[in-house]
1. Just one of the numbered conditions (1) surrounded by fewer than 16 Cβ atoms within 10 Å (Cβ to Cβ); (2) in contact with a helix residue (DSSP H, G or I) (Cβ under 6 Å, 6 or more places away or on another chain) is not true of Ser70; which one?
2. Kindly evaluate Ile36 against the criterion of being more than 28 Å from Met1 (Cβ to Cβ), touching a Phe, Trp or Tyr at 6+ places or on another chain (Cβ under 8 Å), at pLDDT 95 or above and not in a loop (DSSP other than H, G, I, E, B).
Amino acid sequence: MRDIYYHEILVSYKKGKSFIKDETWAVSKYTTPMDIMKHDSKTMNRLRNKYYSSTYKSHKQVMIIKINSSKVVGTPSLV
């Protein structure tokens, strides 16, 4: 069982021909940017919806560059 973390993250997304960086948050049980991007589809969908409108037609590129800080917010319970 894994702990649940609140992360302050640095995100890069593409609009037009330029890449834009932004700081935001994520809640996940994964602790590295690559693991979050690979395995946590709920977090990645939330980030895509945050940075791109529903009518955006092009490819939605969101990358987590860095985790600035992490905090344990929960542990899974055995029920």
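The values are calculated or read from the model by the stated rules, or taken from the named source; none is laboratory data. All values reported here derive from a predicted model rather than from experimental measurement. Neighbour counts are summed over all protein chains in view; Cβ atoms, including those assigned to glycine, are modelled from backbone coordinates with ideal geometry.
1. Exception for Ser70: condition (2).
2. No: the conditions fail for Ile36.
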